[in-house]
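See below for the structure under consideration.
The values are calculated or read from the model by the stated rules, or taken from the named source; none is laboratory data. Not measured: the values here are computed from a predicted model. Glycine gets a Cβ as well: all are built from the backbone with ideal geometry, and neighbour counts include every protein chain shown.
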Amino acid sequence: MIGLRGYWYIGCASSRLRAKPKAFRILDEQLVLFRDEQNVPHALVDRCRHRGARLSQGRCIAGKIECPYHGWRFAGSGECTEILSLTRDQRMPSGIQVPSYPCVELDGNIWIYMARDGEQPGTPPPGIPKFERYRWVQGSIDHACSFQDLLENVLDIAHPAFVHPWTHPFWYSRKFMGFPEKQVELRVTENGITTTAPPTNSGDDSIPEDIPLFGAWELPDRVVTMGRVGSFEFASWMHFVPTSENSCRLEYTHRNPFPFGPKLSWRKREPLLLRQDRVLLEAICSARQAEGPIPERSVAIDEIPLTIRRILKLAADGLWEEKRESLPKRRVIGARY
Ligand code: FES
Ligand SMILES: [Fe+2]
């Protein structure tokens, strides 16, 4: 599966789109972003309607994007508004249009609505709560694995003790605290799942705001992780934007515990923790492509990634709303992590 249509995806972080157009990929479509004179971003298919040149190799001029080949200019709506090579008595042909996608800038990111058949979004993109209050670190990392590989990985609490030497609290817990047995609560929500620890007493209890470990996945590709380890607090919003069947782009926004925001900084270097996952997942994905899938076996704690898989399949088949009640609402799972 490449990914789901009918959702908002991050095209790039706001700070990555300046005066020049920017090429990017979502759901196997090559797109271009540019800003108009009011600094408003627009997203078009990255192919000029004249001879198919990449508009992203052109430039922005007077609020339009100009094709690098013969200089045709396109507005944010995708309409061709100027062809400079026409003489005064030649008429501007009408109806030349590059397909465009709804595009919104919100909380440090530029969002594209990847519509099915040109439909308009019913809701705005999901912002980041309390964005104005904090300082943030953002980054973007291309992955040669599917977005589903990465999505299943990030809430899989059995892996950090093995994959993340020196970078993850669960690795320290295995190394120095005897790999204790714990429990985690898995809930199915309106638009994905939550994983929390320690578990609440019942499914009727709401999840406390200051719970030590909180993870949530929201369709299609957003994972929020928050928590506390000792006095260290972390909170991260991650998007695993599907770019093709076997590639995706991680766009992350980590919260710094400092107030007086919003202030955004850009991290060029890939954090070691993220690199550890990427190397492992890219190897899994390339083995699957070369040798085919394996008959997988699973244990109790794999219910978390398996639930993600089930929901993605239901959503891809258009059955999520209808079949949501068929999934167990809440489970408490034991695991050493
Ligand atoms: S290919 Fe774009 S103007 Fe000719
Ligand atoms: Fe990981």
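Residues that are under 29 Å from SER286 (Cβ atoms) and assigned by TED's automatic domain parsing to the domain that holds LEU250 occur at least once in the range 171-182. Just to verify a result, which residue in the range 135-157, among those that are more than 23 Å from SER247 (Cβ to Cβ) and surrounded by 18 or more Cβ atoms within 10 Å (Cβ to Cβ), is farthest from ligand 2 (Cβ to nearest atom)? Among residues in the range 135-157 that are more than 23 Å from SER247 (Cβ to Cβ) and surrounded by 18 or more Cβ atoms within 10 Å (Cβ to Cβ), the one farthest from ligand 2 (Cβ to nearest atom) is TRP136. Beta carbons closer than 7 Å, at least 6 apart along the sequence or on distinct chains, pair a first residue in the range 76-101 that is on the phi < 0 side of the Ramachandran plot with a second that is at pLDDT below 95 for TYR101/ALA115. Of the numbered criteria (1) under 13 Å from the mean Cα position of the chain (by Cα); (2) not assigned by TED's automatic domain parsing to the domain that holds THR195, the one PHE147 fails is (2).
Look at (1) closer than 22 Å to ARG16 by Cα; (2) outside the structural domain of ASN256 (by TED's automatic domain parsing); (3) more than 16 Å from ligand 1 (Cβ to nearest atom) and you find that SER56 fails only one, number (3). Set side by side, the residues GLY52, GLY76 differ, and just one is closer than 16 Å to ARG35 by Cβ and either in a loop (DSSP other than H, G, I, E, B) or away from ligand 2 (no atom under 16 Å from the Cβ) (or both), which is GLY76. Restricting attention to the range 9-49 and to residues that are of a type in the set (D, E, K, R), in a strand (DSSP E or B) and in contact with a Cys (Cβ under 9 Å, 6 or more places away or on another chain), the residue that is surrounded by the fewest Cβ atoms within 10 Å (Cβ to Cβ) turns out to be LYS22. The listed residues are PHE234, PHE260, and the only one of them that is over 20 Å from PRO305 (Cβ atoms), assigned by TED's automatic domain parsing to the domain that holds VAL154 and within 16 Å of ligand 2 (Cβ to nearest atom) turns out to be PHE234. Taken together, the residues in the range 108-123 that are surrounded by 12 or more Cβ atoms within 10 Å (Cβ to Cβ) and either more than 17 Å from the chain's Cα centre (by Cα) or in a loop (DSSP other than H, G, I, E, B) (or both) amount to 3. Of all residues in the range 242-295, those that are in a strand (DSSP E or B), of a type in the set (A, V, I, L, M, F, W, C) and surrounded by 14 or more Cβ atoms within 10 Å (Cβ to Cβ) total 3. On inspection, ILE96 does not qualify as within 30 Å of LEU17 (Cα to Cα), buried (at least 19 other Cβ atoms within 10 Å of the Cβ) and more than 16 Å from ligand 2 (Cβ to nearest atom).
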